[in-house]
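Have a look at the structure below before the remarks.
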Amino acid sequence: MKRVLIAAGGTGGHIYPALAFAERLKQENTEAVFVGSQDRLEGQLIPNAGYRFIPLDIPNTSGSVAGKIKYLLSMAGAVRACEKLIRSYAPDACVGFGNYISVPLILAAKKCGIPTMISEQNSFAGKANVFLGRYADAVELAYERSAKDFPADKVRVLGNPQAEVCAKISADSSLLPDYGIDRTRPFVLVMMGSLGSQTLSEIIDHACLGVTDYQVLIAAGKRNPYTFSDTNKNVIVRDYVEGAKLLCLCDLAVCRAGATTLAELAAAKTPSILIPSPFVPNNHQYYNALELQDRGAAVILEEKELDADRLLAEMNRLMHDNTARKRMAEAAGTLARPDAAGDMTAWLKEICDE
């Protein structure tokens, strides 16, 4: 393969796995060219990673009924634009990583006779990918649970490409003093995303006031308006942390249940308390979290039932039980697929008859 067109956008959960896949393609001397929306996250992250990025003018599907109608009316034009891109760039294959932005590229590739693959990172498949499943030649999944939504003869469960990136990260405890963490004491890493959550931040803040015999490092999020307390010296708050690197070092993680986060937890073999975001389509973070809880790798605490006392009790229970955390870490490791990006690349070559 000389060139692959990739559609990825909307959230980091779609973009980071796509970038990990592109890095693997680069190792195979295959050029990755991305399409996406200029005014969303991909318009910044993908060019910053050094990849060619082609803006696609298509409104998203969120918001009002009028917005959805506008999206549907724009689809024919977007497909034609993607057909033009395919003729111009002559890719060997086209790959979609979910989200509405993948739809026109995969449909255009189908019309042009170009091999196609879609990748679903969540346990509950997104609507765009479910729709595209009938057109794509190959459907790559991170979790077996979502296989029911696709034609069985097209499916392989290969994992999240981001896991391959995380598997290469080695534990480096020299990072810890930079965050104010004492390397001789255990610590919990709390990550809730760049936006944070006013209600959840307050629960975490009040829970951490009761921490006495271990440390907590909270990644508050750069755009989180909540102000955390600074009265407990066992608790350190930072706007941003190098999450993937710190997951290899912490004794327990408390985090959301996005697809990329869970791939990182599995690759790092990190026991976790998962608080799925209730504000995502189809409650898919809850189903993602079930994949880890069902294997014994994590504990789910749903936000609607959560308070500070319960969160503190669960953190204390696990931090005081080394055996339980060791079992959870081993279980997390069984979910890791460190060769996911390589396996995807090999399958893509297969459908291209290479």
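Seen from every direction in turn and averaged, the convex hull around the alpha carbons of region 228-322 projects onto 6.9 nm².
Spacing of the modelled spin labels on S174 and S88, each 7 Å from Cα toward Cβ, amounts to 4.6 nm.
The angle separating the long axis of helix 340-351 from the principal Cα axis of greatest extent in the chain is about 10 degrees. Placing unit charges on each Cβ (+1 for Lys and Arg, -1 for Asp and Glu) gives region 1-153 a dipole about its Cα centre, and among A93, S74, M117 the Cα reaching farthest toward its positive end belongs to S74.
Please compute the net charge surrounding G180, taking Lys and Arg as +1 and Asp and Glu as -1 over other residues with Cβ under 15 Å from its Cβ. Computed value for this residue: -1.
For region 81-217, the dipole from Cβ point charges (+1 on Lys and Arg, -1 on Asp and Glu) about the Cα centre works out to 700 debye, to the nearest 20. For region 78-146, the Cβ-based charge dipole about the Cα centre amounts to some 360 debye (Lys, Arg positive; Asp, Glu negative; other atoms uncharged).
How many percent of the accessible area of the chain is carbon or sulfur, using a 1.4 Å probe? Numbers along the way, then the final one.
Working: 7590 of 15530 Å².
Exposed carbon and sulfur together represent 49 percent of the surface.
With point charges of +1 on the Cβ of Lys and Arg and -1 on the Cβ of Asp and Glu, referenced to the Cα centre of region 103-188, which listed residue (Y143, P177, F187) lies farthest in the positive direction of the dipole? Result: Y143.
Amide H contacts under 5 Å for I54: F34, V35, G36, restricted to partners 5 or more places along the chain or on a different chain, H placed in the peptide plane at 1.01 Å from N.
Can you tell me how region 167-304 classifies by the Cα gyration tensor, rounded, prolate or oblate, using a/c under 1.5 as the rounded cut?
Details: a/c = 1.66, a/b = 1.16, b/c = 1.43.
Because a/c hits 1.5 or more and a/b fails to exceed b/c, region 167-304 counts as oblate.
Here's how it looks for N99: its modeled amide H is under 5 Å from those of A128, N129, which are all 5 or more places away or on a different chain.
Evaluate the relative contact order of region 226-350 (contact order divided by residue number), counting alpha-carbon pairs under 8 angstrom at least 6 apart; express in whole percent. Relative contact order here is 25 percent.
For region 206-272, the set of chymotrypsin sites (Phe, Trp or Tyr not before Pro) satisfying both a DSSP loop assignment and a count of at most 13 other C-beta atoms within 10 Å is given as Y240. State the answer as a single residue: which of G210, I106, L348 lies farthest towards the positive end of the charge dipole of the chain, with beta carbon charges of +1 for Lys and Arg and -1 for Asp and Glu, about the Cα centre. My answer, from the dipole projection, is I106.
Label sites at D213 and L41, each approximated as a point 7 angstrom past Cα along Cα to Cβ, lie 3.8 nm apart. Rounded to the nearest 20 debye, the dipole size of the chain about its Cα centre is 840 debye, using +1 on the Cβ of Lys and Arg and -1 on the Cβ of Asp and Glu.
Among the listed pairs K148/K245; K111/K349; K245/K326; K2/K222; K154/K326; K154/K304, which have their C-alpha atoms separated by more than 31 angstrom in this model? Write out the running numbers ahead of the final one.
Values: K148/K245 34 Å; K111/K349 20 Å; K245/K326 19 Å; K2/K222 39 Å; K154/K326 37 Å; K154/K304 37 Å.
Among K148/K245; K111/K349; K245/K326; K2/K222; K154/K326; K154/K304, the Cα-Cα distance tops 31 Å for K148/K245; K2/K222; K154/K326; K154/K304.
The HN-Hα couplings worked out from phi for region 26-39 by the Karplus form 6.51 cos²θ - 1.76 cosθ + 1.60 (θ = phi - 60°) are 4, 5, 8, 6, 10, 7, 9, 10, 9, 10, x, 8, 5, 9 Hz, whole numbers, x standing for Gly and Pro. Taking a ≥ b ≥ c as the square roots of the Cα gyration tensor eigenvalues, region 271-354 comes out oblate, since a/c reaches at least 1.5 and a/b does not exceed b/c.
For E302, E314, E42, E330, give me the order by solvent-accessible area with a 1.4 Å probe, most accessible first, ignoring ligands, DNA and RNA. All intermediate terms of the calculation are to be shown ahead of the outcome.
Values: E302 55, E314 30, E42 0, E330 110 Å².
Ranking E302, E314, E42, E330 by accessible area, largest first, yields E330, E302, E314, E42.
At a probe radius of 1.4 angstrom, the accessible area of the chain per residue rounds to 44 square angstrom. Pairs of Cα atoms nearer than 8 Å and 6+ residues apart set the relative contact order; for the chain it is 16 percent.
Each peptide in 282-294, 168-180 gets a packing score, the mean of other Cβ atoms within 10 Å over its residues, and the list from highest to lowest is 282-294, 168-180.
Determine Rg/Rh for the chain; Rg is computed over alpha-carbon atoms and Rh is the Kirkwood hydrodynamic estimate from the same atoms.
On the way: Rg = 20.8 Å, Rh = 21.0 Å.
Here the Rg-to-Rh quotient is 0.99.
The values are calculated or read from the model by the stated rules, or taken from the named source; none is laboratory data. Keep in mind that what you see is a predicted model, and the values were worked out from it rather than measured. With ideal geometry, Cβ positions are generated from the backbone for all residues, glycine too; neighbour counts draw on all protein chains shown. Note: accessible area is taken over every heavy atom of the protein model, side chains too, but ligands, DNA and RNA are not part of it. Shrake-Rupley method; radii C 1.70, N 1.55, O 1.52, S 1.80 Å.
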